[in-house]
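Right, one structure below, let's go through it.
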Amino acid sequence: MQRIALAPGYEISRIIRGGWQLAGGHGAVDPALAVDDMVAFADAGITTFDCADIYTGVEELIGRFRLAYRNLRGEEALSRIRVHTKFVPDLAVLPTISKAYVEGVIDTSLKRLNLDRLDLVQFHWWAYDIDGWLETAGWLKELQQAGKIDKVSGTNFDSDHIDALIAAGIPLASLQLQYSLLDRRPEKRMVSLAAQHDFALFCYGTVAGGFLSDKWLGIAEPQHPLENRSLTKYKLIIDDIGGWDLFQALLATLRRIADRHHTDIATIASAAMLRRPGVAAVIVGARNRDHLASNLAISDITLSDKDLSDIEAVMAEAKELEGDVYTLERDRNGRHGSIMKYNLNKGE
C-alpha cells in the first residue's frame with residue numbers, strides 16, 4: 001500500500017477506509033465483525049480511517065478497533081493507525097454556536113475514539129448565509145494549540161471560503177471533497193489552490209456510491225426512489241452531466257480499461273483519481289472486507305496514456321456541473337441539497 005506524508009511525522013495510507021456505510025442506512029452492523037474487518041484492513045496496509053461525529057456509532061466502533069488492535073498487534077502497530085474524523089455542527093446550532101459547544105463535541109470524539117489527541121479534524125459548515133464559520137475555525141485552531149487536535153482540516157468548503165480560511169491563518173492540512181470521474185468541480189479552482197497553499201485533497205465519491213462499478217454496466221436506468229441516499233445523491237450527478245447513456249458509455253470504456261489491467265471498473269475509477277494532481281488519498285466506503293483485495297489494488301495500478309485518453313474522450317461529451325465544490329449541495333431547497341440531513345450531531 002502506498003503511503004504519503006502530509007507533514008513531518010504524519011503519514012497516511014493513500015487508500016482511506018471510509019466509515020459512512022457503518023453509520024446505518026446501509027444495513028445492520030455487527031460491532032464485533034466490524035472491528036475484525038478494520039483489523040483486516042489495517043493488517044493489509046490500509047491504516048487510515050475516516051469517520052465523523054455525525055456518523056452514528058462509527059467513532060465508537062473505531063475506538064473499539066483501536067483498543068483491539070493495540071492488544072493484538074502492539075503499540076508500534078497502533079502508532080501507524082490514523083483516524084480522520086469531522087466536526088459537523090448541526091444547522092440548527094450554527095446561529096448560536098460557541099467555543100464551549102465546539103470543545104464539547106471535540107471532547108466527545110476524543111472519548112469515543114479512545115484518543116488523547118484527535119489526529120485530524122475536518123470542519124464542515126452547512127450554510128454560508130449563517131455567520132460564524134470563520135470564528136468557529138479559529139476555535140478549532142485554539143483547540144489544536146491546546147493539544148486536543150493534531151491537524152485542522154476542512155470538508156466540502158468551496159474555493160472562496162478556503163481562501164478566506166487560509167487568509168485568516170487557519171492551518172489547513174487537507175480538504176475532503178467530492179471528486180470523481182463524474183464530478184470535476186474541484187478542477188475549476190480547488191486543485192490549484194491546494195498546490196498554492198500546500199494542503200492535501202482527500203477524494204470521496206470516487207465510485208459514486210457504487211454506480212461506477214460492473215454492477216451497473218448494461219443495466220436499465222433506475223427510477224426513484226433508489227435504495228439509499230448515497231445512490232440518490234450520485235444519480236443526480238449522473239443526470240446533470242448528461243444522463244444514463246453517457247454514463248453507460250463511460251462504464252463500457254472503464255470495463256475495457258479494467259480488462260487490460262485484469263481488474264474491475266470500481267478499481268479503475270478510483271485509481272484514476274489517485275493520480276490526479278493534488279490528490280493525496282481516495283476514500284473507499286466499505287461495510288466489510290468483501291472488496292479489500294480490490295481496494296488494495298487501487299494504488300498498484302499504473303494507468304497508461306491510452307487509458308486516460310480513453311476516459312477523457314468519453315467525458316468530453318459531459319456537461320459541466322454548476323458551481324464550485326459542494327455548491328449544488330448547499331442549496332437546501334434544490335434537488336441536491338434537499339436530500340441532505342442537517343441535524344445529526346447528537347453527542348452524548
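If R0 is 45 Å, what FRET efficiency do you get for GLU75 and GLU322 from their C-beta distance, rounded to 0.05? Don't jump to the answer; show the numbers that get you there.
Values: r = 49 Å, r/R0 = 1.09.
So the FRET efficiency works out to roughly 0.40.
How much solvent-accessible surface does THR96 expose, in Å² to the nearest 10, with a 1.4 Å probe and all protein chains in place?
110
Please give, to one decimal in nm, the separation of the simple spin-label points placed at VAL39 and LYS215, each 7 Å out from Cα toward the Cβ.
Roughly 2.7 nm, to one decimal.
If you count the DSSP beta bridges with both ends in the chain, what percent of them are antiparallel, to the nearest 5? The partial results should precede the final answer.
Details: 4 of 33 bridges.
That works out to approximately 10 percent antiparallel.
On average, how much accessible surface per residue is there in the chain, in Å², for a 1.4 Å probe, leaving out ligands, DNA and RNA?
Heavy-atom SASA per residue in the chain reads 41 Å².
Please list 3J(HN,Hα) in residue order for the stretch 106-114, calculated via the Karplus relation 6.51 cos²θ - 1.76 cosθ + 1.60 where θ = phi - 60°; whole Hz, with x for glycine and proline.
Listing the rounded values in order: 4, 4, 5, 5, 4, 5, 4, 8, 6 Hz.
For the chain, what does -39500 (n - 2.57) per DSSP helix run (n ≥ 4), summed and divided by total residues, give at 222 nm, in deg cm²/dmol to the nearest 500?
It lands at -12000 deg cm²/dmol.
Calculate what fraction, in whole %, of the accessible area of the chain sits on carbon and sulfur atoms when a 1.4 Å probe is rolled over the protein chains. Kindly include the intermediate steps, with their values, before the conclusion.
Working: 7180 of 14330 Å².
Looking at the chain in its full context, I get 50 percent from C and S.
Collect residues whose amide H, placed 1.01 Å from N in the peptide plane, falls under 5 Å from the amide H of HIS84; neighbours closer than 5 in sequence don't count.
The list, which skips near neighbours in sequence, is PHE49, ASP50, CYS51.
Please work out the Cα center distance from the stretch 293-322 to the stretch 231-291, rounded to the nearest Å.
Computed from Cα coordinates, the inter-centre distance equals 8 Å.
If you rank HIS84, HIS224 by how much accessible surface each has, with a 1.4 Å probe, what is the order from largest down?
Most to least solvent-accessible, the answer reads HIS224, HIS84.
The values are calculated or read from the model by the stated rules, or taken from the named source; none is laboratory data. Because the structure is a prediction, the values reported are computed rather than measured. Quick reminder, even Gly has a Cβ in these numbers, built from the backbone with ideal geometry, and neighbours come from all protein chains shown. Remember, those area values only see protein heavy atoms, side chains included, never the ligands or the DNA or RNA. Shrake-Rupley method; radii C 1.70, N 1.55, O 1.52, S 1.80 Å.
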